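Working notes, beginning with the structure itself.
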Amino acid sequence: MANVLILGAGYAGLRVAKLLAKHPQQMTITIVNDHPYHYESTQLHEVAVGTREPADITFSLRDVLPANVALVVDTVTKIDRDDQRVELAHHDPLSYDYLVNSLGFESETFGIPGAEENGLPMIDIDTAVAARKHLEDTLAHYSTSHDPDDLHIIVCGAGFTSIEYLGDLVHRMPQLIAAYHLPADQIKIDCIEAMPKVLPMFSQDLADYAVHYLESHGVTFHTSTPITKIDPGVVHSKDTSYTAHTIIWTTGVQGSHVITDSGYDQKRNRVVVTNDLSVKDHPHEFVIGDVSAVPDPASGRMYPTTAQIAVAQADTAAHNIRALINGRTPSPFSFQSLGTVCSLGPTNGVAEINFMGHWKLKGKIVGPLKKIVNDRSVLELANVRTMLASD
Ligand code: NAD
């Protein structure tokens, strides 16, 4: 019996487990995750704003994993690749014949002083809940402090997560203003971006739509403004400083630090994988999801790390593990993006879809589209009951 060990139950790891469990002949399957639940990382911004509760975007792993997959709830601390075993914080080490490393992402601070201490990331349920609590407590505090900075919110970066966070924030703001009796005209929301363009992955007209939508709801963008330092309540760029008591840190992500701790050849905790998604000279070791870097043969650059590519990688990794166990040659990974959807709150957004042509969409049509994408993800990873429960 081959011993397959999967690290991380995000989009990639959970899908590998479910695919392998359908035909588990000649293998045992174990998945290790640091929580007993999976969370939809593409919806963390909604929990961080407070438009969704954690229970809406999480589901119990034991409920959705097939019975023939063993679940170990623990934190992976190191992978001993020579001895083919994985060290855990609280359990004895686990050995493996085949490894799927899908340990996911962490916040990226690029070494900017004060970012870790003074910025609020949203990289898991705990940090998203902490960001929501900070936002609500700070707005509530204004009634006794009358400090204008209690009403100021700065979002660092203008990529996907920042824009989706801002979309939900401006949607919820009228409710927050009413709940805490806030002076609406003194609320200030700044978004500070290093690059000249907001949402660089979208065509200019869609990025412009997102910017105009958010500006018309009270957001001020500061582009070409790299953040250099964060002090408590102050965001510094080269020429200017901005003050706010809520500073949201969404400037990008890196892979899990376990990658560096385990001695992989890596960049930003991502491992460049071979074309069958294994690690060079380690054909039994697959690295997928946000800890992997996959070259796009067309552009020569790395594909962006998204939930969509993580799921596609999981399909190839599961196929290749089964091929190796049965003495067949693994297949190369290929990826055709279905497109990208960026929500602007629950009822609006922008999208570029590759389905029977290339479609650019903006406005209210994108709200239901995003819901379809989310429902499809839950359906693929969990089941119908979980999908209906998350509505
Ligand atoms: P991102 O890389 O998309 O955006 C980060 C932004 O922060 C960039 O625009 C960058 O220029 C800016 N930035 C970096 N350093 C800065 C600095 N010092 N000062 C000011 N700005 C700075 O990262 P993300 O939004 O965290 O997303 C992470 C990954 O997850 C991406 O690959 C993204 O595609 C994916 N994602 C996808 C979706 C979706 O498909 N709807 C949603 C969220 C995230």
Legend entry - From the options 304, 330, 297, 346, residue that is surrounded by fewer than 21 Cβ atoms within 10 Å (Cβ to Cβ), part of a loop (DSSP other than H, G, I, E, B) and modelled with pLDDT of 95 or more: 330
Legend entry - Residue in region 78-91 that is touching a Ser or Thr at 6+ places or on another chain (Cβ under 9 Å) and at positive phi present: yes
Inset, instruction - Kindly indicate whether residue 77 is over 20 Å from residue 321 (Cβ atoms), polar (S, T, N, Q) and within 16 Å of the ligand (Cβ to nearest atom). - result: no
Legend entry - Tally, over region 151-192, of residues that are out of contact with any strand residue (DSSP E or B) (no Cβ under 9 Å at 6 or more places or on another chain), more than 16 Å from the ligand (Cβ to nearest atom) and assigned to a loop (DSSP other than H, G, I, E, B): 3
Legend entry - Residue in region 151-173 that is closer than 22 Å to residue 243 by Cβ and free of Cβ contacts under 8 Å to residues at least 24 places away in the same chain present: no
Inset, instruction - Within region 312-321, identify whether any single residue is within 12 Å of the ligand (Cβ to nearest atom) and under 29 Å from residue 205 (Cβ atoms), and answer yes or no. - result: no
Inset, instruction - Sort out which residues of region 88-109 are among the charged types (D, E, K, R) and open to solvent by less than 40 Å² (accessible area, probe 1.4 Å), and write them in order of number. - result: 108
Inset, instruction - Return the only residue of 205, 231 being open to solvent by 10 Å² or more (accessible area, probe 1.4 Å), within 16 Å of the ligand (Cβ to nearest atom) and of a type outside the set (A, V, I, L, M, F, W, C). - result: 231
Legend entry - residue 31 over 18 Å from residue 4 (Cα atoms) and surrounded by 22 or more Cβ atoms within 10 Å (Cβ to Cβ): no
Legend entry - Per-region count, region 234-247, residues open to solvent by less than 40 Å² (accessible area, probe 1.4 Å) and more than 11 Å from the ligand (Cβ to nearest atom): 5
Inset, instruction - Residue by residue through region 260-277, note down the ones that are more than 12 Å from residue 333 (Cβ to Cβ) and open to solvent by less than 10 Å² (accessible area, probe 1.4 Å). - result: 271
Inset, instruction - Would you check if residue 360 is open to solvent by 40 Å² or more (accessible area, probe 1.4 Å) and in contact (Cβ under 8 Å) with a residue 60 or more places away in the chain? - result: yes
Legend entry - Boolean, residue 81 is more than 26 Å from residue 373 (Cα to Cα), open to solvent by 10 Å² or more (accessible area, probe 1.4 Å), out of contact with any helix residue (DSSP H, G or I) (no Cβ under 6 Å at 6 or more places or on another chain) and outside the structural domain of residue 138 (by the TED database): yes
Inset, instruction - Among the numbered conditions (1) touching a strand residue (DSSP E or B) at 6+ places or on another chain (Cβ under 6 Å); (2) open to solvent by 40 Å² or more (accessible area, probe 1.4 Å), tell me where residue 280 comes up short. - result: (1)
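The values are calculated or read from the model by the stated rules, or taken from the named source; none is laboratory data. Bear in mind the structure is a predicted one, so any value in this text is a computation, not a measurement. Note: ideal-geometry Cβ built from the backbone for every residue, glycine included; neighbour counts use all protein chains shown. The accessibility values were calculated without ligands, DNA or RNA, using every heavy atom of the protein model including side chains. Shrake-Rupley method; radii C 1.70, N 1.55, O 1.52, S 1.80 Å.
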